[in-house]
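Report on the structure given below.
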Amino acid sequence: MEVTSYRSETAPVMTSVSKWKKRIPFIIAYGVLGLTTLPIILMYLWLLLSSFSEQMKYGFIPVRFTLENWKFLWTSVEHGGSELPSIWTATWNSFVFSGTLTILEVIIGVMAGYALSRLEFPGRQALMKTTLLLHAFPSIALLIAVYYILNFMGLFDSLWGVVLVKTALQIPMTAWIVKGFFDDVPWDVEWAGLIDGCSRLKVWFTIVLPLIKPGIAAVSIFSFLSGWSEFLLLYTFILSDENVTLASYLQRLISDPNLVNYGLLSAVSLFYMLPVLLFFIFTQKSLMQVSVGGGKRV
Amino acid sequence: MKIELKNICKSFNKKSNTIDHMSLTIEDGEFVALLGPSGCGKSTTMLMIAGIYKPDSGEIYFDGQLVNDLEPKDRNIGMVFQSYALYPHMTVLENIAFPLKQQKVPKEERIERAKQAAEMVQLGHLLDRKPSELSGGQQQRVALARAIVKKPKVLLLDEPMSNLDARLKIEMREEISRIQKELGITTILVTHDQEEAMTMADRIAVMRDGKIIQYSTPMELYNHPKDYFVAQFIGTPPMNFLKGKLSNNQLRLRNMTIELDRKWLDFDGEETDVHVGIRPHDLKLGNNGDIRIRGIVHMVEPIGHSQIVNVKVGNEQVRFFVEPNIKMEYGREVEISADISAIHLFDKATGRSLKKDSVNQGQIEELVS
């Protein structure tokens, strides 16, 4: 929509004083926001500097540039007397974990969301009410029960087992978010598809799903990120080196407080962040655009 | 295709029927309007014909074949929704070709036929746009093209013009009528706009509370409304109503007593409160008619070729037309009159018309007392 620009027509000659006066609210706002975000920005800056320097004088002044801290990328690292698993194994595992989690979560969440939004079945209201409650359950409270179940199913110390647990914990929220997107798709569009010759399932695939693409994108991004940053479940249920993920890898670097190599820790942390940043740059567009509805809303 | 509804019931809750024992027959090639206020069940009826809703009881026949359990996709219908319901992620051409794609029409033929349909609604130049880049009127045309592209047996129009402005409405009205005649397609129009129904439909079913009150041609509805509800719904400006009392063949209206012929009435003679209806067109300034009413000018609305004058008669209001060159003064008392043949009588309690349908204009003339 274009905004009528009546202001420019009536605008008198602007003096520099009034220009500055107009900017004052912005200056104040940005000033306050900038000051409060400064600690966070400094944190990242410290991480970056620390990873590329030999030591930090007084804790915050970097001394001498080095790539020593980054050599974990091409050689195996010894830490606290034992050799750590390859960073690439951990990265691959993290990808597998987050990727499978995303796929499972999106498939199940989208189907569940549609059912909650559109289908009439007994207990639907009750299900929707308890869904959020389920999500509010802290996973730490379930650790012991989950251990017994995984052990019983032979999925202990397996990435797949943890994927299933994490998916189960995430589904309620995902389904809930997706339901909101389905709610915004008008019935008319779905009916039009039925009349134009589709079966209900085909309407779902060819018409309804494309309309909630932004929702699917949002849910995928969130579930990937939550998989990538998952620590507790992986730390508890994964023991062997070949199944280690990046979060647990980081944990090993700081497990003994006497032996922490801060340079290495910073470098690995940055490496851990990198995929998320890239992922975000590529996906933020689909997070922003939302277009649902095939015409005027009635 | 001939469509028959027999004794259809549908309800969405246990308390009341949205559609209550409704029967309706639509002949092949006929243009029928379902007319009624919002919530009267006209859209529900249409969605049952489309196969989106299933009737709770009763039967729907297409050409004598029972279709109650037929899926919408197998009914060979085209439908235009009030919201147009275009597929926002497809271009205009893809939207129009979509029904053909579902019928597995080969791609080249599909595009050819979609283009033809687009030409028919004068959209040929906008094929590559997305629905969001079109105006309301253009979106409406896309929806219409999509509905007719597969040459359906039935065309369903669900309030197709309620989102258009007044001028576009008239244009689209003519366009839809033209296309309907050209294709000879059985068409059902759902609308709450009586003008739309009157101008386009061959027959109109006036609905209220899930029931059909009257089902006949537009002129029949206008001239011989069977019910108070139909009378006040059809016609712009609406019919004027004054309170009266009818006993035997005497009608008492304000300070007049009018003798009516018994043959003229469908009435048992007991004293009854009635609505006396007179169309604005039948009222004239002056005292040349049989029924004369005095009132105070309350409002004047010039509409170019005429003026609509609103006078207060006691507590009631009466509208009528006056030549544009006559100056009407607010607050002045005027006398208006109408012929006795022009009045309609409705039982106040039941809403039923007390006038016999069969009496025609010629007879009435001589019945005037």
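What follows draws every value from the coordinates through simple rules; no lab data is involved. These numbers come from a predicted model, not from an experiment. Positions of Cβ are backbone-derived with ideal geometry, glycine not excepted, and every protein chain shown enters the neighbour counts.
When both segment A:234-252 and segment A:80-114 are represented by their alpha-carbon centers, they are found 12 Å apart. Rounded to the nearest whole Hz, the Karplus-based 3J(HN,Hα) values (6.51 cos²θ - 1.76 cosθ + 1.60, θ = phi - 60°) of segment B:5-13 follow the sequence 10, 10, 6, 6, 10, 8, 9, 9, 9, with x at glycine and proline. Calculated mean residue ellipticity, 222 nm, chain A: -21500 deg cm²/dmol, from DSSP H runs (n ≥ 4) at -39500 (n - 2.57) each, averaged per residue and rounded to 500. Over the residues of chain B, the helix contribution to mean residue ellipticity at 222 nm works out to -7500 deg cm²/dmol, using -39500 (n - 2.57) for each DSSP H run of at least 4. By the count of neighbouring beta-carbon atoms within 10 Å, fewest first, A:Lys57, B:Lys15 end up ordered B:Lys15, A:Lys57. Computed from backbone phi with θ = phi - 60° and the Karplus coefficients 6.51, -1.76 and 1.60, the 3J(HN,Hα) list for segment B:302-318 is x, 10, x, 6, 6, 10, 9, 10, 10, 10, 9, 10, x, 8, 9, 10, 10 Hz; x is used for glycine and proline. Principal-axis analysis of the Cα atoms of chain B puts helix B:136-148 at an angle of about 70° to the longest axis. Only lysine pairs 8 or more places apart or on separate chains count here, and in chain A those with Cα atoms under 30 Å apart total 18. Can you work out the base-10 log of I(q)/I(0) for chain A at q = 0.14, 0.15, 0.16 1/Å, using the Debye formula on its C-alpha atoms alone? Rounded to two decimals, the profile gives -1.13, -1.20, -1.27. Counting every alpha-carbon pair across the protein assembly as shown, the share separated by more than 35 Å comes to 64%.
Between the DSSP loop rule and a limit of at most 10 other Cβ atoms within 10 Å, which chymotrypsin sites (Phe, Trp or Tyr not before Pro) in segment A:51-105 are left?
Answer by residue number: A:Tyr58, A:Trp74.
Compute the longest continuous run of chain B that contains no exposed chymotrypsin sites (Phe, Trp or Tyr not before Pro); treat a site as exposed when its DSSP state is not H, G, I, E or B and it has at most 15 other Cβ atoms within 10 Å.
Details: sites that count: B:Phe12, B:Tyr330.
Counting only loop sites that pass the neighbour cut-off, the longest clear stretch is B:13-329.
Helix B:92-102 axis versus longest C-alpha principal axis of chain B: approximately 70°, rounded to the nearest ten. Compared with the alpha-carbon gap, the fully stretched path from B:Thr217 to B:Lys245 is longer by 7.1 nm at 0.36 nm per residue. Counting only lysines at least 8 places from B:Lys14 when in the same chain, those with an alpha carbon closer than 24 Å to its own are B:Lys6, B:Lys42, B:Lys54, B:Lys211.
Spacing of the modelled spin labels on B:Lys104 and A:Trp20, each 7 Å from Cα toward Cβ, amounts to 7.7 nm. For segment B:3-223, the share of alpha carbon pairs falling in successive 10 Å distance bins from zero is 8, 34, 36, 19, 4, 0 percent. Per residue of A:196-204, other chain Cβ atoms within 10 Å of the residue Cβ number 6 on average.
For peptide B:101-107, the mean count of partner chain Cβ atoms within 10 Å of a residue's Cβ comes to 2.
Close amide-amide hydrogen proximity is noted between B:Gln82 and B:Asp158, each under 5 Å apart and 5 or more residues distant or on a separate chain (H modeled in the peptide plane; Pro and chain starts excluded).
In chain B, the longest principal axis of the Cα atoms and the axis of helix B:166-183 are about 60 degrees apart.
What helices does chain A hold that run 18 Å or longer along their axis, going by alpha-carbon atoms, with a Kyte-Doolittle average of 0.5 or more, using DSSP H for the helix calls?
Span-like helices in chain A: A:16-51, A:87-118, A:159-183, A:213-228, A:262-288.
Between the exposed loop cleavage positions of chain B, defined as GluC sites (Glu not before Pro) in a non-H, G, I, E, B DSSP state with at most 14 neighbouring beta-carbon atoms within 10 angstrom, the longest gap is B:28-269. 3J(HN,Hα) along segment A:73-78, derived from phi through the Karplus expression 6.51 cos²θ - 1.76 cosθ + 1.60 where θ = phi - 60°, amounts to 5, 10, 10, 7, 10, 9 Hz, with x in place of Gly and Pro. Database remark: amide H of B:Thr25 closer than 5 angstrom to the amide H of B:Leu5 (H placed geometrically; neighbours at sequence offset of 5 or more, or on other chains; Pro and chain starts carry no H). Close amide-amide hydrogen proximity is noted between A:Gln55 and A:Val63, each under 5 Å apart and 5 or more residues distant or on a separate chain (H modeled in the peptide plane; Pro and chain starts excluded). In straight-distance terms, cross-link reach from B:Lys327 covers every one of the aspartates and glutamates whose alpha-carbon lies under 18 Å from its own, apart from those fewer than eight places away in the same chain; here that gives B:Glu301, B:Glu335.
Kindly state, to the nearest 0.05, the FRET efficiency for A:Leu201 paired with A:Leu134, given R0 = 25 Å and r defined as their beta-carbon distance. E(calc), rounded to 0.05, equals 0.35.
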